[in-house]
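Any read-out appearing in this document is the output of simple, stated calculations on the displayed coordinates, not a laboratory observation. Source: prediction; values computed, not measured. Quick reminder, even Gly has a Cβ in these numbers, built from the backbone with ideal geometry, and neighbours come from all protein chains shown.
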Amino acid sequence: MSTVADTIVAHLVAGGVSRVYGLPGDSLNGFTDALRRDGNIRWLHVRHEEAAAFAATAEATLTGELAVVAASCGPGNTHLLNGLFDANRSRVPVLAIAAQIPRQEIGSGYFQETHPQELFREASVYCELVSTAEQMPRVLRIAMRTAISRRGVAVVVIPGDVLLETEHGQEQVSAVRPTATVSRPADPELAAAVDLLNGSERVTILAGAGCAGAHAELLEVARVLQAPIVHTLRGKEHVEYDNPFDVGVTGLLGFESGYRAMESCDALLILGADFPYRDFYPKDVPVVQVDVRGEQIGRRLPVEYPLVGTVKDTLPALLGRLSAKEASEHNHLGRMRKHYVRTRRDLDKLANADRDRTPLHPQYVTQMVSEAASDDAVFIPDVGSMIIWSARYLAMNGRRRLIGSFIHGSMANAMPQAIGAQASFPDRQVIALSGDGGIAMLLGDLITLRQHHLPVKIVVFNNGALAFVELEMMSAGVPKWGTDLDNPDFAEVARSVGLFGVRVQRPDELGPALKAAFEHDGPALIDVHTRRQELSIPPHVTFSEMKGVSLFAGRTIISGSGNELVELARENIR
């Protein structure tokens, strides 16, 4: 007879699951042993459960399929939490098998006792405790279906003793897989939105990750409306490439041209985007917003024309009703495109080798990585300044992917997410752009790359500081404090655990180092010494930010660190 754990594995196999990320433990033994006996699912053993959750997030993001993570009771579960928050907020389907202490001990203050069904509630779309063998198959199917349909995290909490129970009268195993749906707004809602768009002269489009798979339709709408397209960071990979209407990213990471296109419009068309920074939206402008999740509409600003449906299905319905506007280099699109060309040119000037001086400009490093990467590379930046440089200097082409912790904003996401990306696509180039703080936080999972022969390429931006935090301190008027990082030679650390490692301290060393690492048949780490004082000016500087920088300067001088201001100016006047 089969056990409850055997039934879980059978359902996962039927659902197309190929891998489970996790770290074994006694309460999880029934599940891991069932995986061993079945042999159809790879157990991808990591060194920290948080890395397992990040890896599953990356797999679900890139494949669109259900990814699975498992952890033992107590600390094993709590280590999953940050990565599962990231998956849930990124809206990708992940199933977590969270083992629990023996049933009869729950509520007694037992060794490693927690209550996962309460712990994971905020980080999931479904979370239930399985108390009996008979309950498990139905709860598991509901969990899998909910994760796939609502695109989020589902958690099944199951005591270790229940996993080992023998099932009597086993239910038939059924496959739980994603299904396709056509979703667009009704005709009256479309007609109202069309009337607005046809009657507006300066329409700007804000395009997000919801535009995935709708590139051609998006460009046709922009052509008809003569509308510049501003994209979000998550939308970059789906929107930016082969796009004559693109004017860049907006927000703190973005381009001045993107900000101006939003500021100067007389109607805003939001397509599959949930851009959170309200200061970068136009004021008192009518808004049409398309989103498949109706509850997302109007969260950032008032929306008079809500359209519930996918971008892919809604745009063709709009196109048949829109009136084409006259193309001209002097219209809204023409002016914003000229602005974008100037902005792009100014940004590109910053990505230079600076006469082979050291440390390196991070803009130059990012652009060199982009040029050296394969045509279908997967880029995964750490949260921090790497996201700024990725938004501005990584080139997309429709085949490349750009993923990360763009909503939850967790440090240390890049390398563990690269584990899941590479495990899912073993023949594809996966490049993690890691900060020195991020790589150090989950450094142990470098060993996971070696153990599973995952040829991830890691580029460490080593500036000896939590540089993005320092920028935040500066804009808030706070002197830099507590952000120094006394780093080891990360290339030497990589070599010590069996990875290819190379250190780059001068610009002329970067090209050969990238070539050697990218051609290496296995995991590789490039430790690049980058400039700590590099400023990344947002496209719109508020009065409070200017006031903050002034306070920062004054307080820094008073604290006896005026030399930092001299260095800051020297590094950034170019």
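Semi-axes of segment 89-177's equivalent ellipsoid from the Cα gyration tensor, sqrt of 5 times each eigenvalue, largest first, rounded to whole Å? List each step's numbers first, then the result.
Details: eigenvalues 101, 74, 11 Å².
Semi-axis lengths for segment 89-177 are 22, 19, 7 Å.
For Arg342 and Trp481 in the same chain, what is the full-extension length gain: residue separation times 0.36 nm, less their Cα-Cα distance, in nm? The partial results should precede the final answer.
Numbers: separation 139, 0.36 × 139 = 50.04 nm, distance 3.63 nm.
This chain segment gains 46.4 nm when fully extended.
What order, most packed first, do the peptides 487-498, 57-68, 411-422 have when packing is the mean number of other Cβ atoms within 10 Å of each residue? Before the final figure, lay out each step's value.
On the way: 487-498: 17.0, 57-68: 25.2, 411-422: 29.1.
Ranking the peptides 487-498, 57-68, 411-422 by packing returns 411-422, 57-68, 487-498.
Is segment 152-197 rounded, prolate or oblate when judged by the Cα gyration tensor, a ≥ b ≥ c being the square roots of its eigenvalues, rounded requiring a/c under 1.5 and prolate requiring a/b larger than b/c?
Verdict is prolate for segment 152-197.
Just the number: Rg to Rh for segment 4-163, Cα atoms, Kirkwood Rh, two decimals. Intermediate values should be presented prior to the final figure.
Details: Rg = 13.7 Å, Rh = 14.9 Å.
Result for segment 4-163 is an Rg/Rh of 0.92.
Quote the charge dipole size of segment 187-342 about the Cα centre in Debye, to the nearest 20; the model charges only the Cβ of Lys and Arg (+1) and of Asp and Glu (-1).
Numbers: 17 positive and 22 negative charges, 82 e Å.
My answer is approximately 400 debye.
Can you compute the helix-only [θ] at 222 nm over the chain? Use -39500 (n - 2.57) per DSSP H run of at least 4 residues, normalise by all residues, nearest 500 deg cm²/dmol. It would help to have the intermediate numbers written out before the result.
On the way: 23 runs with 237 residues, N = 574.
After summing the helix terms and dividing by the residues of the chain, the value is -12000 deg cm²/dmol.
Charges only on Cβ, +1 for Lys and Arg, -1 for Asp and Glu: so what's the dipole of the chain about the Cα centre, in debye to the nearest 20? Intermediate results must be reported in sequence, preceding the final value.
On the way: 56 positive and 68 negative charges, 222 e Å.
Using only the charged Cβ atoms, the result is roughly 1060 debye.
At a temperature of 4 °C and a viscosity of 1.567 mPa s, determine how fast segment 187-342 diffuses translationally according to Stokes-Einstein, using the Kirkwood radius over alpha-carbon pairs as Rh; express D in µm²/s, rounded to the nearest whole number. Please list the in-between numbers first.
Details: Rh = 15.0 Å.
Calculated translational D: 87 µm²/s.
For a footprinting-style exposure proxy, rank Asp291, Asp266 by other Cβ within 10 Å, fewest first.
On the way: Asp291 25, Asp266 15.
Ranking Asp291, Asp266 by Cβ neighbours within 10 Å, fewest first, gives Asp266, Asp291.
Could you please rank Lys515, Lys457, placing first whichever residue has the fewest other Cβ atoms within 10 Å of its Cβ?
Details: Lys515 11, Lys457 25.
So the ranking, lowest neighbour count to highest, is Lys515, Lys457.
With a cut-off of 8 Å between alpha carbons and a minimum separation of six or more residues, what is the relative contact order of the chain in percent? It would help to have the intermediate numbers written out before the result.
Values: 1283 pairs, mean separation 69.6, N = 574.
Once divided by the residue count of the chain, the mean separation gives 12 percent.
In nm, to one decimal, how far is the Arg150 label point from the Gln172 one, both placed 7 Å along Cα→Cβ?
With each label placed 7 Å out from Cα toward Cβ, I get 2.8 nm.
Looking at [x] 3, 12, 16, 15, 13, 12, 10, 8, 6, 3, 1, 0, 0; [y] 3, 14, 21, 23, 21, 13, 4, 1, 0; [z] 4, 17, 24, 24, 19, 10, 2, 0, which value of P(r) over Cα pairs in 10 Å bins from 0, in percent comes from a calculation on the structure shown?
So the structure-derived entry is [z].
Once the dipole of the chain is set up with Lys and Arg at +1 and Asp and Glu at -1 on Cβ about the Cα centre, which of His408, Val155, Val17 lies farthest towards its positive end?
His408
If you build the Cα gyration tensor of segment 142-257 and take the root of 5 times each eigenvalue, what three semi-axes come out, in whole angstrom, biggest first? Mind showing how you got there, number by number?
On the way: eigenvalues 391, 74, 29 Å².
Ellipsoid semi-axes (Å, largest first): 44, 19, 12.
Count the lysine pairs in the chain whose Cα atoms lie under 26 Å apart, taking only pairs 8 or more positions apart in sequence or on different chains.
Count of close lysine pairs: 16.
How far apart, in nm, are the 7 Å Cα→Cβ label points at Asp375 and Arg355?
Going from the Asp375 label point to the Arg355 one covers 4.0 nm.
Tell me, what is the FRET efficiency for Lys515 and Ser323 to the nearest 0.05, using R0 = 45 angstrom and their Cβ-Cβ distance as r? Don't skip to the end; give the middle numbers.
Values: r = 52 Å, r/R0 = 1.16.
In this case the efficiency is close to 0.30.
Give me the one-decimal nm value for the distance between modelled label points at Arg495 and Thr179, 7 Å along each residue's Cα-to-Cβ direction.
My value for the distance between the label points is 5.7 nm.
Need the C-alpha centroid separation for segment 53-130 versus segment 480-503, integer Å.
Here the answer is 31 Å between Cα centres.
Say the dipole of the chain comes from +1 at the beta carbon of Lys and Arg and -1 at that of Asp and Glu; which of Met336, Thr146, Val369 then lies farthest toward its positive end?
Met336
If you average the alpha carbon positions of segment 239-291 and of segment 373-417, how far apart do those two centres end up, in angstrom?
20 Å
If you rank Phe518, Phe54 by fewest surrounding Cβ atoms within 10 Å, what's the result?
Working: Phe518 19, Phe54 34.
In order of increasing Cβ crowding within 10 Å: Phe518, Phe54.
Quick one: pull the percentage of alpha-carbon pairs in segment 1-64 with a separation above 15 Å. Mind dumping the intermediate values first?
Details: 1067 of 2016 pairs.
Cα-Cα pairs of segment 1-64 separated by over 15 Å account for 53 percent.
For segment 59-128, compute Rg over Rh where Rg is the Cα radius of gyration and Rh is the Kirkwood radius from the inverse mean 1/r over Cα pairs.
1.01
Extension gain Arg138-Leu164, at 0.36 nm per residue separation less the Cα-Cα distance, in nm? Please report the intermediate quantities before stating the final value.
Details: separation 26, 0.36 × 26 = 9.36 nm, distance 1.74 nm.
Extra length from Arg138 to Leu164 when fully extended: 7.6 nm.
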